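These notes are about the structure you will find just below.
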Amino acid sequence: MFHMPKKLIWAVIISGAVAGLASCASQASAPPPPPAPEEVLTPETPEQPEIAGDSLEDGYYYDAEFGFSIEFPEGWEQTEATGDVAVQALSPLENNADRYRENVSVTAVYMSEEVTLEEFLPALKDEIAAQSQNFQAVSEGDTEISEYPAKWLIYTFTIEGIEIKGIMYVLFADGVGYSIICSATPGSFDGFAAQFEEIAMTFTLDSSFDLYGDEPVAPVEKDYTIQFPDGWEVEEDSSGAEMVGISPSEGDGDTFSENITIITEYMPEGMAFDEYVQANIDSCGSLSDSPEEVTSGKTSIGGMDARWIKYPYGFGEDKITLMMYVVERNGKAYMISGAAKYGNFDKYSEIFEKTAGTFRLK
């Protein structure tokens, strides 16, 4: 009998249910109005909105670490990701008596053990039933999402006195379990079922990840692996870096080979990870005469908290732009840096991000 991460089961499903409740509570500080008659609360089947195009406009979400995208209807509100929930979107309120905002969440979790879809669904139902009130599996079936076999499960349960009806779509790819969780009240579920399916079917695993080799590079005596794009030359222990991936030449006029390097070092004893990252940020500002500012932020790589720093380097005609990703384990910092000729960074930024996203600690 295998054991699956509970985050992928009950905690993830419950987050979608709670999102609809919490969002309504924030609409006003006054007590909610008394429920309207059931026929008012039950929406008619909504018109199917046009789904946003393949862009970075409102309604489109792309996850660089896991290489998937999904599209939400116009007017749906995307919320900040928490835990294993990569993205969540809430439907617009229908009227003042609307007590619950229908919502869709997407999770991506690295599976610790080999799990098949056939094994997963029965275990999923058992786990939810053990931890919920009035759980019932209504129906289930097979489908296909982004050319991968997938399963769906329609279920009901009760939370905070309100009954929820939902559908979950599940698929596995390359050791990652993806769940698309759609929640509504029973009275509105049928009206949103087609819309939930339409949203789920926009889920796409990025085919550009095929640029990477079948097997990650595993440096000898190193505690990590990484995948470089096909066609890149890979060197170990070169120019002060443990690993270097070098892009192919773009032609006779190509005077700089974009590259990705990995450097590791132990942080000073007693120094916190954020302090270490801030020290790097502070030092980056003096490395160039470029007007480009040093920027930084948080991300996740291989299920670990990570930080990124984008900064200019060099002077005069020799300026480059670097994007460095930093992760830490047991006081050891791992820095994955992508370098591009100044003015050519945008062409390579996505490759840098995706390559860093393949980094895994053993």
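The values are calculated or read from the model by the stated rules, or taken from the named source; none is laboratory data. Source: prediction; values computed, not measured. Note: ideal-geometry Cβ built from the backbone for every residue, glycine included; neighbour counts use all protein chains shown.
Key figures
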| quantity | calculated |
| --- | --- |
| Single match in E317, E293, E275 (criterion: surrounded by fewer than 11 Cβ atoms within 10 Å (Cβ to Cβ), assigned to a helix (DSSP H, G or I) and among the charged types (D, E, K, R)) | E317 |
| Some residue of the range 320-332 being in contact with a helix residue (DSSP H, G or I) (Cβ under 6 Å, 6 or more places away or on another chain), assigned by TED's automatic domain parsing to the domain that holds Y266 and farther than 30 Å from E221 by Cα | yes |
| From E269, E250, residue being surrounded by 13 or more Cβ atoms within 10 Å (Cβ to Cβ) and either in the same structural domain as K354 (by TED's automatic domain parsing) or at pLDDT below 85 (or both) | E250 |
| Tally of residues being of a type outside the set (A, V, I, L, M), under 19 Å from the mean Cα position of the chain (by Cα) and either on the phi > 0 side of the Ramachandran plot or surrounded by 22 or more Cβ atoms within 10 Å (Cβ to Cβ) (or both) across the range 325-358 | 4 |
| Selected residue (only one of I281, I309 is in a strand (DSSP E or B), in the same structural domain as F352 (by TED's automatic domain parsing) and either under 20 Å from A241 (Cα atoms) or touching a Pro at 6+ places or on another chain (Cβ under 7 Å) (or both)) | I309 |
| Selection within the range 91-150 - part of a loop (DSSP other than H, G, I, E, B) and polar (S, T, N, Q) | S91, N95, N96, S112, T116, S132, S146 |
